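Shown next, in structure tokens, is the structure this report addresses.
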Amino acid sequence: VYGAKGFSLSGVPQAEISGEHLRICPQGYTCCTSEMEENFANRSRSELEGALRETSRSVQVMLSTQLRNFDSHFQDLLNKSERALQDTFPGVHGDLYTQNARLFRDLYSELRRYYRGANINLEEALAEFWTRLLERLFKQLHPQYVLPDEYLDCMGKQAEAYRPFGEAPRELKLRATRAFVAVRSFVQGLGVAIDVVRKVSQVPLGQECSRAIMKLLYCSHCLGVQSPQPCSGYCRNVMKGCLANQADLDTEWKNLLESMLLVADKFDGQTSVESTIGTIHVRISEAIAALQDNKDTLTAKVFQGCGNPRVSGKGSGGEEKRRRGKSVAEERPSGIGLEKLVSEAKAQLRDVRDFWVSLPRVLCTEKVAMSSTLDERCWNGMTKGRYLPEVMGDGLASQINNPEVEVDITKPDMTIRQQIMQLKIMTNRLRNAYNGNDIDFQDTSDDISGSGSGDGCLDEVCGKRLSKSQSTRQPETHAIPNLSEHDGSSAPGCPQPSSLLLLLPLALAATWSLGR
């Protein structure tokens, strides 16, 4: 056995020797020297750590595949909508599109930045788009008038009362914010889950665990016990003691997965994610058509509220309305692709629901040649025979009387406590997303023109138009995950959980409290 592990056989006893030198295995006559015992101990620890990484890797690969699939699907929906806009709007809306093409590209750019994790107030971004679109289209439809910035500001402040675009802005705000908040938080949840599994799988085993694993796997060889298989209860007690901190992830891990399943349920229905994101261009086309149809009424209201502008002497602008072509047809996605993705995700997320508390059983069953429960001639840590101690429960607090691993329940692993906090924060984001709220902007006003949480820049100071100020652009606090760390592949553009810097004091306080 010793040689099969790659160790040199020089110095290996040819017969049993006295075992007073043994520090881990039961003392008595033995086949192992101190060096052999130490080599076996180091090897047993590395083997268990490798088994942990291997078991965790399958979960990481599954979650990474889910993340890639959903991210690709959502981005494809947005790309198809933008392509449809670019292909159809020139023929349908003429100069009203071509002279404002950059404005539409900017909108899709903002939507992508939000989805990818930028700290953007989505409602404000949409409000800015409609404000800028109204100003530009109004000027194009009235080239015979001089419309300075002050006049356009007056019109913008009263725009909601005029409802120049009909119901399209309000409908898009309600549906798009819910859809984007849901898809962003769901993909971020997958990113957090991947990160937690990866980081926890790299947590080194403690010294007491190393001793227990050595005793479980190799002390029988040092004592000359033939064909030893560890007793079932013995193996589980060792694993439960070694993985006590990991088991404490169970509650928050389940909360995260359950929250993700709830958010995934929001992807279907009448206002599904596919029909919302995939038809943004249709809502915009409807809005432009409504503005053209109600041009005379809108003009009268603007002139009444802001005064008659000075005539510039250019054309009347009536020609543009006559050029308007047919409306953009709405092609609703079948929903089959997303429906299949959601179905697969639900099944796989449920499969890993008990991942952390099932680790001891899985490792004992699949990685350790454990004997059957009824076998009374198994290795019990001292000899061949029954294993009498009861099996401990899951988690750190349950290990206070673990007979196999000495666990200090007052000193939890800090890396794992940090991951528990990550899970709590992401679960909170998902629960807010389920209710249609972005946790970064919980105080956002329902008023489409409100400033929300923003960046503290008042409209009167910064101005309404994005061309003058970037009031909707916030510092990015969401990085792009590198999936190559997880499964050797890459997925550019996938959202990643938000920065936790603002929550660091809370996390440290909770960690300190748990540590005590």
(request) Scan segment 378-421 residue by residue and report those that are of a type in the set (G, A, S), open to solvent by 20 Å² or more (accessible area, probe 1.4 Å) and in a loop (DSSP other than H, G, I, E, B). (result) G393
(request) For segment 91-105, state whether one or more residues are part of a loop (DSSP other than H, G, I, E, B), free of Cβ contacts under 8 Å to residues at least 24 places away in the same chain, farther than 19 Å from R175 by Cα and in contact with a helix residue (DSSP H, G or I) (Cβ under 6 Å, 6 or more places away or on another chain). (result) no
(message) Please go through segment 288-300 and give me each residue that is surrounded by fewer than 22 Cβ atoms within 10 Å (Cβ to Cβ) and either within 15 Å of L85 (Cα to Cα) or free of Cβ contacts under 8 Å to residues at least 24 places away in the same chain (or both), ordered by number.
(response) A289, D293, D296, T297, A300
(request) Restricting attention to segment 225-253, report how many residues are without any contact (Cβ under 8 Å) to a residue 24 or more places away in the chain and β-branched (V, I, T). (result) 1
(request) Assess whether A125 counts as being farther than 19 Å from H73 by Cα, small (G, A, S) and either part of a loop (DSSP other than H, G, I, E, B) or open to solvent by 20 Å² or more (accessible area, probe 1.4 Å) (or both). (result) no
(request) Considering only residues that are exposed (fewer than 14 other Cβ atoms within 10 Å of the Cβ) and polar (S, T, N, Q), look in segment 422-444 and name the one that is modelled with the highest pLDDT. (result) N435
(request) Kindly indicate the residue of segment 266-289 that is charged (D, E, K, R) and more than 20 Å from L133 (Cα to Cα) and also modelled with the lowest pLDDT among those meeting that condition. (result) D268
(request) Being under 30 Å from T276 (Cβ atoms) and open to solvent by 40 Å² or more (accessible area, probe 1.4 Å) narrows it down to one of R68, R23, R57, so name that one. (result) R68
(message) Looking only at segment 362-377, how many residues end up being within 18 Å of L205 (Cα to Cα) and open to solvent by 20 Å² or more (accessible area, probe 1.4 Å)?
(response) 2
(request) Please verify whether segment 329-339 includes one or more residues that are at pLDDT below 90 and over 45 Å from the mean Cα position of the chain (by Cα). (result) no
(message) With open to solvent by less than 50 Å² (accessible area, probe 1.4 Å), of a type in the set (A, V, I, L, M, F, W, C), over 23 Å from E47 (Cα atoms) and at pLDDT 90 or above as the only criterion, which of L359, L349 stands out?
(response) L349
(message) Being farther than 30 Å from L174 by Cα and part of a loop (DSSP other than H, G, I, E, B) narrows it down to one residue among S210, S227, S220; which is it?
(response) S227
(request) Select from segment 100-122 the residues that are farther than 23 Å from R163 by Cα and open to solvent by 30 Å² or more (accessible area, probe 1.4 Å) and write down the one among them that is nearest to the chain's Cα centre (by Cα). (result) R116
(request) Determine whether segment 157-179 contains at least one residue that is assigned to a loop (DSSP other than H, G, I, E, B), of a type in the set (G, A, S) and under 25 Å from N69 (Cα atoms). (result) no
(message) Quick check on my filter: what residues within segment 194-224 are touching a residue at least 12 places away in the same chain (Cβ under 8 Å) and open to solvent by 30 Å² or more (accessible area, probe 1.4 Å)?
(response) R198, K199, Q202, P204, G206, E208, R211, K215, L217, H221, L223, G224
(message) Condition first: more than 30 Å from Y218 (Cα to Cα), open to solvent by 10 Å² or more (accessible area, probe 1.4 Å) and aliphatic (A, V, I, L, M). Now tell me which residues in segment 228-281 satisfy that.
(response) L261, L262
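The values are calculated or read from the model by the stated rules, or taken from the named source; none is laboratory data. For clarity, every value in this text was computed on a predicted model and none was experimentally measured. Cβ sites come from the backbone with ideal geometry, for glycine too, and all protein chains shown count toward neighbours. Accessible surface is based on the protein model in full, side chains and every heavy atom, while ligands, DNA and RNA are left aside. Shrake-Rupley method; radii C 1.70, N 1.55, O 1.52, S 1.80 Å.
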